[in-house]
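Got a structure here, written out as structure tokens. Questions coming.
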Amino acid sequence: MPTSEIDVSKLEKAEAEYRHLFESVPVGLFRTKPGVGEILDANPALVTMLGFPNKEALLKRKSSSFYVDPNARREWEQKVAKEDVVVGFEAQFRRLDDHLIWVLLSIRAFRNAQGKVLYYEGTIEDITDRKLAQEALAESEERYRLFFENLTDVLLHLDTNLNIIDVSPSIEAHLGYHPDEVKGKSYPVLGFIPPELLPQALENTKRLFAGEKVSPHEYPFIAKDGSRVWGEVSSKQVYRDGKIVALYSLVRDIHDRKLAEIELRNTNRDLELYAKLLRHDLINDIQVIFSNTELMEMQIPEDSELCDFLEASRGAADRMIHLLNLLRRPEQEVEKEIVILIERVAKQAMQTHKQLTVKVNAPKKLKKIRVVGGRLLPVVFVNLFRNAAQHAGIRPKVDVTIAQKTEKIQIDVTDNGPGVPKKLQAKLFERSTATDGGGLGLNLVKRVLEAYGGSIEFISKTSKKGASFRIFLPVEES
């Protein structure tokens, strides 16, 4: 076979292989002329990428028409004119269906012997998904940056060596440190945590890096000027490839709340001491009343009218002793079976006020029902029964009706007294209100009930006679 025929055969084979590669490669391939970019050739991948039904339809378009920004093509042409090759040029294309995509171009210029550009060849890769992911990441990072820089609480980013990778600018307002003063330093070395609490803080950090959940902890952080600022620390682990690589710790300012708690604790301690002293003195005085009452009973005839007064005095003293004992009893011993509690208070009230009648109406099934309450709950009914005895006339009568309403107990207390003037009903439970059945007593009743999650309201009646109150108390969970 002549040499020329062998060369032609090899050339045809090489062209066939090149065409096969051109047609099958998944990346877009093109050849275009300079200027407006007449498309000389394009592979199937590019036809599909740009949304055309076939290559013939694509070749009728000018390549410059696909650029969303017309300057983009001119930009890479200027670079190719100087360097012959441009790699990794990003541009936004408009497909046949007007859908926008991001592409990555690599272009090479082919010139004639005189150096004039004959055409360009290159590749086009669809990078829309990657570009959108990058934009989403950038947007997320910008949102995080704005959040980070405008935090009122302090956010710390710690690595596994307890070094502070980053910290929010708010640290300066709380602890007096500029962020640059603490970045890259170990938090135990900085001395944020008091020495006596540092072992506990380090143990919590160790548990967090071990993957455990640790509940928020409170610490009196030491500021740059040496003062102490209370903060509550909540931390969350940062995972990478299944391993914990860092912590985010949010320090919330609870200084004012903590000071209020300390002040309240100190106040309660003082009140507890005062209550003990007061109880001791009052019980001693009441014992004197008991002794004198017994002496008087021994000196007067049994049928004397004074016996009724002495018995009422003894009943009042008994009630005072009971109230004082309430303050001494442990919370777990407090009566919470509401029907039994009201019946007992009613019995004591009738012993103290001989003309008073209290009738308690409750279904048998509520006999053992327990409500949320404490040692001061009896005070509510002591006040209501006493008000009725004092202001309901010669033969005061009180009806108590108890019913269950879903998860609450409803208690209606109604007397047969003169009622409450309409103009005073709206402010009946205010501390400053001073009227029959109102004033400090009802204000105390309201505050006690609210402390136990309950409530009280005055029920307006069409009849002018009698005052009626409705109480709600939550049922104690089993």
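The values are calculated or read from the model by the stated rules, or taken from the named source; none is laboratory data. Every value quoted in this text rests on a predicted model; they were computed, and no experiment measured them. Note: ideal-geometry Cβ built from the backbone for every residue, glycine included; neighbour counts use all protein chains shown.
Assess whether LYS206 counts as being within 22 Å of ALA173 (Cβ to Cβ), assigned to a helix (DSSP H, G or I) and out of contact with any Cys (no Cβ under 7 Å at 6 or more places or on another chain).
Details: within 22 Å of ALA173 (Cβ to Cβ): no; assigned to a helix (DSSP H, G or I): yes; out of contact with any Cys (no Cβ under 7 Å at 6 or more places or on another chain): yes.
So LYS206 fails the test.
Still on this structure, please answer the following. What's the number of the only condition in (1) assigned to a helix (DSSP H, G or I); (2) of a type in the set (Ser, Thr, Tyr); (3) under 19 Å from SER168 (Cα atoms) that TYR219 fails to meet?
Here TYR219 meets the rest and fails (1).
Here is a further query. Can you confirm whether ILE164 is of a type in the set (A, V, I, L, M), modelled with pLDDT of 90 or more and in contact with a Gly (Cβ under 6 Å, 6 or more places away or on another chain)? Outline the logic, then answer.
Working: of a type in the set (A, V, I, L, M): yes; modelled with pLDDT of 90 or more: yes; in contact with a Gly (Cβ under 6 Å, 6 or more places away or on another chain): no.
Taking the combined requirement at face value, the residue does not satisfy it.
Ok, one more. Of everything in the range 332-367, what is of a type in the set (Asp, Glu) and either at pLDDT below 85 or not assigned by TED's automatic domain parsing to the domain that holds ALA403 (or both)? Give them in sequence order.
So in the range 332-367, the residues of a type in the set (Asp, Glu) come out as 333, 335, 337, 343.
Correct list: GLU333, GLU335.
Here's another thing I want to ask about it. What single numbered condition from (1) surrounded by 14 or more Cβ atoms within 10 Å (Cβ to Cβ); (2) modelled with pLDDT of 85 or more fails to hold for LYS405?
With (1) surrounded by 14 or more Cβ atoms within 10 Å (Cβ to Cβ); (2) modelled with pLDDT of 85 or more applied to LYS405, the lone miss is (1).
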